[in-house]
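Input: a single structure, listed below in structure tokens.
The values are calculated or read from the model by the stated rules, or taken from the named source; none is laboratory data. This one's a predicted model, so the numbers in the text were calculated from it and none came from an experiment. FYI the Cβ positions are ideal-geometry reconstructions off the backbone, even for glycines, and counts take in every protein chain you see.
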Amino acid sequence: MTSTNSAPSRRHILAAGSAAAVSQLLGRSPPASAKASKLGPFQQKSWRVKFGAFELTTVADSEAFIDGPYPLIGRNGSEQEVRHLMRDNLLPETRYQPGFSPTIINTGNEIILFDAGNGSNGFVPRPQGGWLAAQLGPAGFKPEDIDIVVLSHGHPDHIGGIIEGGAPLFPNARYVISQVEHDFWAPEGKHTGDLEKFAQVYRANSKPVAEKISFLKPGDDVVPGIRAIEAYGHTPGHLMFLIESEGRQILFWGDCAHHHVASLARPDWLCVFDTDQEVAAATRKRVFDMVVTDRLCVIGYHMPFPSIGYLERLPSRGYRWIPHSFQLYL
């Protein structure tokens, strides 16, 4: 009687190994594996890339969802138009997650922060927002490392992070902002309603560092390679900044857009956050055209994190946001 060999064949071993490998690729554990505890959602909170001789880091200041985009964006259209645009782009019709992305540029000589986030008194309260102070360390920085804080404008979600616990968060920094912008927000008794609420936040965060503030106008350089450009309308002195190193250019456009689809597909749609809505719409059209024509990479403060991307001109009147994939790693 011939005995049967019960040892597994090479073919069986390879087949079993292949099945386990396929299970891993598909995100499934082999049946014999121990079950892991669920970890909950995770969103990366800092992102860094080399840019010419500079190093660029964006930091998430919030991951909050808000109602919209209608009527925050598109009130001169219709709610149905905005909802339809969201459906066409596979997005929820009534909720969205804007980025709030302060940006740090290390030029090799200075470390420069663009906008300071919500802090403790911005648009998005803690714990949903105001993360910059806590995220500097994980991103590789200490508050005392910051040499210059560049403020694109004076809204609470851009200046709220200047003061932390009653004292300046960045003890060694100087601050730069548009003279027009400062003169709009700083005076006592100038505004009423929501504008006065914003002005109060501006004064609370700017007065403790007043002696360290200097003023820019369009065309001025923050440092060599970083130039202020006029982008008025969102606020009276809103600035964006062209950053250039070793022949590469990237545009920090601040709040030229508040939604990565609605603001771009329909730059003519008015935005409730804009101080002068008609001027802001004209600025969007001009800036978006420049970005596409010059093939500029963009840092969009309110674009989905890490808030880096490009624009494509659509056959219609609008534009499409193209998130950075690997272009800046080359």
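Tell me the residue from Pro30, Pro102, Pro41 that is modelled with pLDDT under 95 and touching a helix residue (DSSP H, G or I) at 6+ places or on another chain (Cβ under 6 Å), please.
Pro30
State whether one or more residues within region 276-283 are under 23 Å from Phe100 (Cα atoms) and either surrounded by 21 or more Cβ atoms within 10 Å (Cβ to Cβ) or under 19 Å from the mean Cα position of the chain (by Cα) (or both).
Yes: region 276-283 contains one or more residues that are under 23 Å from Phe100 (Cα atoms) and either surrounded by 21 or more Cβ atoms within 10 Å (Cβ to Cβ) or under 19 Å from the mean Cα position of the chain (by Cα) (or both).
Quick check on my filter: what residues within region 114-155 are within 27 Å of Phe215 (Cβ to Cβ), among the hydrophobic types (A, V, I, L, M, F, W, C) and assigned to a helix (DSSP H, G or I)?
Scanning region 114-155 gives Leu132, Ala133, Leu136.
For the condition outside any loop (DSSP other than H, G, I, E, B) and either surrounded by fewer than 21 Cβ atoms within 10 Å (Cβ to Cβ) or free of Cβ contacts under 8 Å to residues at least 60 places away in the same chain (or both), what is the one hit in Arg317, Arg227?
Going through Arg317, Arg227 in turn, the sole match is Arg227.
Out of all the residues in region 32-69, which are among the β-branched types (Val, Ile, Thr) and either over 26 Å from Pro98 (Cβ atoms) or exposed (fewer than 13 other Cβ atoms within 10 Å of the Cβ) (or both)?
Passing the criteria: none in range.
Pairs please, first residue from region 283-310 and more than 26 Å from Phe65 (Cβ to Cβ), second anywhere and aromatic (Phe, Trp, Tyr), Cβ atoms under 7 Å, 6+ apart in sequence or on different chains.
Thr283/Tyr232; Val287/Trp253; Val292/Tyr319; Cys297/Tyr310
Please enumerate the residues belonging to region 73-98 that are within 18 Å of the chain's Cα centre (by Cα) and surrounded by fewer than 20 Cβ atoms within 10 Å (Cβ to Cβ).
Residues satisfying the conditions are Arg95, Gln97.
Test Gly254 against the stated conditions and say whether it is part of a strand (DSSP E or B) and of a type in the set (Gly, Ala, Ser).
In short, no.
Suppose we keep only residues that are assigned to a strand (DSSP E or B) and either more than 18 Å from the chain's Cα centre (by Cα) or touching a residue at least 60 places away in the same chain (Cβ under 8 Å) (or both) within region 99-110. Which one would you say is surrounded by the most Cβ atoms within 10 Å (Cβ to Cβ)?
Ile105
Taking Gly130 and the conditions (1) under 16 Å from the mean Cα position of the chain (by Cα); (2) farther than 16 Å from Pro98 by Cα, which numbered condition does it fall short on, given that it satisfies the others?
So Gly130 meets the others, but not (2).
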